[in-house]
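Right, one structure below, let's go through it.
FYI, it's all coordinate maths here, none of it is from the lab. Only a predicted model underlies this, so the values are computations on that prediction, with no experimental measurement involved. Reconstructed Cβ throughout: ideal geometry from the backbone, glycine too, with neighbour counts over all protein chains shown.
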Amino acid sequence: MIFFEILFIVFVICIFLFFIKFFLSFWGVFLILTQNQYILNMKKILVTGGTGFIGSHTTVELIQKGYEVVIVDNLSNSNINVIDNIEKITNKRPIFGKVDVADKNQLFNFLDNHKDIESIIHFAASKAVGESVEKPLKYYSNNINGVINILEAMKHFGIKNMVFSSSCTVYGQPEQLPVTENSPIQPATSPYGNTKQINEEIIRDFVAANPDFHCIALRYFNPIGSHPSSLIGELPIGVPANLIPYITQTAAGIRECLSVFGNDYDTPDGTPIRDYIDIIDLANAHIAAINRMEDNKQKKNLEFFNIGTGNGLTVLQLINTFEEATGVKLNYKIVGRRAGDIEKIWADASFANSELGWKAVVPLKQTLLNAWNWQKRCANIE
Ligand code: WQD
């Protein structure tokens, strides 16, 4: 009798285990199916200049939000290793093509193999203000041809949406602060700034003639910081022209002393005021812009948004915050004004906040710490 009872219990356990196994197999198949479904639904985005500072951080955020990213970059101001590091952060490798967007044949040949792209984020451009004064034709050639080719590609390949990388430089020295998107566009103070203004006009004329196409131009203020992983960041070639890389390189001992360009401006401590925006916040503004176009929420088929924090900081305030955030004392001296610098500018970002549903959230100290950690990694400092 007891033998039959044991046999029965073993039988029941076997049936139970069988059902568990059956359920797990079913669950496995379900997961595979839903994952494939997810892959099938991934939207493909072309990121031009995707190995650069803003492009690489935006690529990471796009991948993490489920987009498939195709990068084109001519690597004139960036390194191919950035692709490896994007993969390390996201566990996904973006498709990469070494393409100069200013060369229409190169761009079209590449896009012939990627016909399912739905949107473009166009970063690829030359961006050094000082160099643009010395080599204006390089800037007009790269930045104007780049935009024309991208717009022609949109038409040819039926790509409906574009986010364009614009700049607060279009406002020059504004008479009223903070600047809104309706503040007057002032004559550019450099060929670089002029290319951004001309680019905006070219896009305006293009969408007027082709109302099926959509564009959002994001006017960035001063992008700074680095990915918190320290795997990607800003990599200026040679002596940095911008403030943050100069600060971090001075802190790392690569530069002896930071020169603060002028303390006789009409600001609380005499040094110029800027609106410093974290690179991850900036990257996320692009995703908000892409979502707005995908969801058909645009009110006009070309819209402009100020992408800043809404807070202005003087150079000395920024240096103090850097010292507080990192605990590193910075060697700096006050020197004369830098030619072409404007006195003060910061954003009214309320239009982006309400319409894009986007807001800068990363605290400045965290941004500066990230920039410092990136610099330490680049310079092998513990
Ligand atoms: C910031 C402040 C300098 C270096 C950049 C781009 C511009 C636009 C906005 C995108 C200024 C001071 C700097 C140094 C210093 N963005 N400074 N010592 O000039 O606001 O412009 O961002 O298109 O195109 O170039 O940025 O970082 O050069 O300067 O005192 O060694 O830091 O005078 O007040 P800028 P920046």
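Structure above, values below:
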quantity: Criterion (within 15 Å of the ligand (Cβ to nearest atom), closer than 20 Å to Val99 by Cα and either touching a strand residue (DSSP E or B) at 6+ places or on another chain (Cβ under 6 Å) or of a type outside the set (A, V, I, L, M) (or both)) met by exactly one of Asn149, Asn143; calculated: Asn143
quantity: Pairs, first under 17 Å from Pro223 (Cα atoms) and touching a residue at least 60 places away in the same chain (Cβ under 8 Å) in the stretch 361-382, second assigned to a helix (DSSP H, G or I) and among the charged types (D, E, K, R), C-beta under 8 Å, six or more apart; calculated: Val361/Asp281; Val362/Asp281
quantity: Residue, farthest from Val82 (Cα to Cα), within the stretch 227-276, restricted to residues that are buried (at least 21 other Cβ atoms within 10 Å of the Cβ) and more than 10 Å from the ligand (Cβ to nearest atom); calculated: Ala251
quantity: Qualifying positions in the stretch 344-382 - surrounded by 15 or more Cβ atoms within 10 Å (Cβ to Cβ) and outside any helix (DSSP H, G or I); calculated: Lys344, Ile345, Trp346, Ala347, Asp348, Ala349, Trp358, Lys359, Ala360, Val362
quantity: Residue within the stretch 353-362 that is in contact with a Phe, Trp or Tyr (Cβ under 8 Å, 6 or more places away or on another chain) and within 16 Å of the ligand (Cβ to nearest atom) present; calculated: no
quantity: Filter result (of a type outside the set (S, T, N, Q), in contact (Cβ under 8 Å) with a residue 24 or more places away in the chain and not in a strand (DSSP E or B)) within the stretch 164-184; calculated: Cys168, Val170, Tyr171, Gly172, Pro174, Leu177, Pro178, Glu181
quantity: Positions within the stretch 43-62 being more than 13 Å from Val82 (Cβ to Cβ) and of a type in the set (Val, Ile, Thr), in sequence order; calculated: Ile45, Thr48
quantity: So Ser167, is it surrounded by 15 or more Cβ atoms within 10 Å (Cβ to Cβ), farther than 23 Å from Val129 by Cβ and under 19 Å from the mean Cα position of the chain (by Cα); calculated: no
quantity: Matching entry among Val133, Val147 (being surrounded by 23 or more Cβ atoms within 10 Å (Cβ to Cβ) and over 26 Å from Gly310 (Cα atoms)); calculated: Val147
quantity: Test: residue in the stretch 293-303 that is within 12 Å of the ligand (Cβ to nearest atom), part of a loop (DSSP other than H, G, I, E, B) and surrounded by 15 or more Cβ atoms within 10 Å (Cβ to Cβ); calculated: no
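Every residue, every condition in (1) farther than 20 Å from Phe53 by Cα; (2) in contact with a strand residue (DSSP E or B) (Cβ under 8 Å, 6 or more places away or on another chain); (3) assigned to a strand (DSSP E or B); (4) free of Cβ contacts under 8 Å to residues at least 24 places away in the same chain, yes or no:
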site	(1), (2), (3), (4)
Lys196	no, yes, no, no
Ile203	yes, yes, no, no
Pro211	yes, no, no, no
Cys215	yes, yes, yes, no
Ser229	no, no, no, no
Val239	no, no, no, yes
Thr248	no, no, no, no
